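Notes for the one structure printed next.
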Amino acid sequence: MNDLHPRLRALADRFAPTPLQRIADPAWSARGVALSIKRDDLLHPVISGNKWRKLKYPLNDALQRGADTLVSMGGVYSNHLHALAYAGRELGLKTAAFVRGERPAALNPTLLDLMEWNMALHFVSREDYRNLRAYREWNSLPGIRPGQYWLPEGGASEWAWQGVAEAVAEIDAPYDILALACGTGTTLAGAVGAVASGVEIVGVPALKGGEFLYRDIPELLAAQGRSDSGGWRLWPDYHFGGFARTTPALLEFIAVFEARHGIELEPVYTGKLLYAVYDRLQAGDFQAGQHVVVWHSGGLQGKREIR
Ligand SMILES: *Cc1c(COP(=O)(O)O)cnc(C)c1O
């Protein structure tokens, strides 16, 4: 493990390990299955969840290399850019981003925060955005100048898995299944190899057509020089119409869950994740005696825009 740069250390010290919370719910106890939530939504008021986990070591690498500017890419609702802009500001680094699609006439709360935190935004066509996905190394972006550090989509750098593994290591109880939400699949790829042998990882894609992750996740693992130890699968049928799409049934589920358990969810990732886990419970997918851990990956900032 590489040493932490003093500025990264000062920021990292503000993030405490997050608790594993046991959920008391008759739906689960009736089937003899235990449910817990890894509360990474409690990490930090702004940089919540898996975004900090994925950014920690790439940011450290950027500081170690003496970078002055972080450059990345994301959509208009990007929790990744939101976390990056804030972290950059806290670390005294400039930030810039390629944002997918046209500049919206009315900026949403995510984009307003990015501007407030002085992230330079470059809106690019969907095609140009897609092409940016080809550049995966920190210095591989064409035209990158000295001092700039490139972070690929979803923060999928060679360092990202290390912070994800730290989150997994914090889970201080035996468990059988780790369920997590997927966008780019970087978090799932990081969890493969971090969980104890015999633990199954299940990913719930937030995007329609999430089966593409059966191709992308092995690629991410290979790019990190890590082997795909297997033991993971997807439940691709809980996208509710596509990324950031919702249905009344999803919103109703979220409202009931929040009221019952006092844990906030957002409809883009974690609402769909919990819905899926409850639905698979009802379908009889889990066995009595099993312990299911759901990773609450945060993202609550995105809740401001989607109703
Ligand atoms: C970004 C995000 C994810 C997906 O992470 P990937 O590593 O891109 O798969 C899941 N949950 C939340 C809350 C997120 O913001």
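Readers should treat all values here as calculations from the given coordinates under stated rules, not as data from a laboratory. What you see is a predicted model, and the numbers here were worked out from it, not measured in a lab. Note that we place each Cβ from the backbone using ideal geometry, even for glycine, and neighbour counts take in every protein chain shown.
How far apart, in nm, are two points set 7 Å out from the Cα along the Cα-to-Cβ line at TYR135 and at LYS94?
That separation, rounded to one decimal, is 1.5 nm.
Can you give the calculated 222 nm mean residue ellipticity of the chain, where each DSSP H run of n ≥ 4 adds -39,500 (n - 2.57) and the sum is split over every residue, rounded to the nearest 500 deg cm²/dmol?
After summing the helix terms and dividing by residue count, I get -10500 deg cm²/dmol.
Report the calculated FRET efficiency for ILE144 and ALA30 (r = Cβ-Cβ distance, R0 = 41 Å), to the nearest 0.05. If you can, show how the numbers build up before the last one.
On the way: r = 56 Å, r/R0 = 1.36.
After rounding, the FRET efficiency stands at 0.15.
Once R0 is set to 41 Å, what does the formula 1/(1 + (r/R0)^6) return for the Cβ-Cβ distance between LEU107 and ALA173, expressed as a FRET efficiency to the nearest 0.05? Mind showing how you got there, number by number?
Details: r = 43 Å, r/R0 = 1.04.
My answer for the efficiency is 0.45.
Is there a pair in LYS56/LYS272; LYS51/LYS303; LYS272/LYS303; LYS208/LYS272 whose C-alpha atoms are over 18 Å apart, and which pairs would that be? Could you put the intermediate results ahead of the total?
Values: LYS56/LYS272 26 Å; LYS51/LYS303 16 Å; LYS272/LYS303 13 Å; LYS208/LYS272 12 Å.
As for pairs spanning more than 18 Å Cα to Cα, those are LYS56/LYS272.
Beyond 19 Å, what percent of the Cα pairs of region 84-184 remain? Walk me through the numbers before you get to the answer.
Details: 2877 of 5050 pairs.
The share of Cα pairs beyond 19 Å in region 84-184 comes to 57 percent.
Provide the FRET efficiency to the nearest 0.05 for the MET115-LEU300 pair, computing r from the beta carbons and using R0 = 25 Å.
After rounding, the FRET efficiency stands at 0.80.
On a C-alpha basis, how far is the centre of region 252-294 from the centre of region 1-51 in Å? Whole number, if you could?
16 Å
Expressed as a whole percent, how much of the Cα-Cα distance distribution for region 45-107 exceeds 20 Å?
Values: 514 of 1953 pairs.
Within region 45-107, distances greater than 20 Å cover 26 percent of Cα pairs.
Consider all pairwise Cα distances in region 203-303 and report the whole-number % of them above 22 Å.
Details: 1869 of 5050 pairs.
Tail of the P(r) past 22 Å holds 37 percent of the pairs.
Based on the mean of other Cβ atoms within 10 Å per residue, sort peptides 138-151, 31-44, 74-87 so the most packed one is first.
Working: 138-151: 15.5, 31-44: 20.2, 74-87: 24.6.
In decreasing order of mean packing, 138-151, 31-44, 74-87 become 74-87, 31-44, 138-151.
Along the charge dipole of region 183-307, which of LEU220, GLY299, VAL195 sits closest to the positive end, that is, farthest toward it, with unit charges on the beta carbon of Lys, Arg, Asp and Glu (+1, +1, -1, -1)?
So the residue we want is GLY299.
Taking one equal scatterer on every alpha-carbon of the chain, how large is log10 of I(q)/I(0) by Debye at q = 0.12 1/Å?
Taking Cα atoms of the chain as identical point scatterers yields -0.77.
Which whole-number percentage describes the relative contact order of the chain, with Cα contacts under 8 Å and a sequence gap of 6 or more? Could you put the intermediate results ahead of the total?
Details: 563 pairs, mean separation 68.7, N = 307.
About 22 percent, as a whole number.
Whole-Hz ³J(HN,Hα) for each residue in region 182-192, computed from phi via Karplus 6.51 cos²θ - 1.76 cosθ + 1.60 with θ = phi - 60°, x for glycine and proline: what do you get?
Per-residue couplings from phi come out as 10, x, 7, x, 4, 5, 4, 4, x, 6, 5 Hz.
Taking the Cα centre of region 202-288 as origin, work out the dipole magnitude from +1 charges on Lys and Arg Cβ and -1 charges on Asp and Glu Cβ, in debye rounded to 20.
Working: 8 positive and 11 negative charges, 18 e Å.
Dipole about the Cα centre, nearest 20: 80 debye.
For region 6-15, take each phi angle, set θ = phi - 60°, evaluate the Karplus expression 6.51 cos²θ - 1.76 cosθ + 1.60, and give the result in whole Hz per residue in order, putting x for glycine and proline.
For region 6-15, the Karplus-derived couplings read x, 5, 5, 4, 4, 6, 4, 5, 8, 10 Hz, x marking Gly and Pro.
Suppose the Debye formula is applied to equal point scatterers at every Cα of region 1-79; what is log10 I(q)/I(0) at q = 0.20, 0.24 Å⁻¹?
The Debye formula, applied to the Cα set alone, gives -0.97, -1.18.
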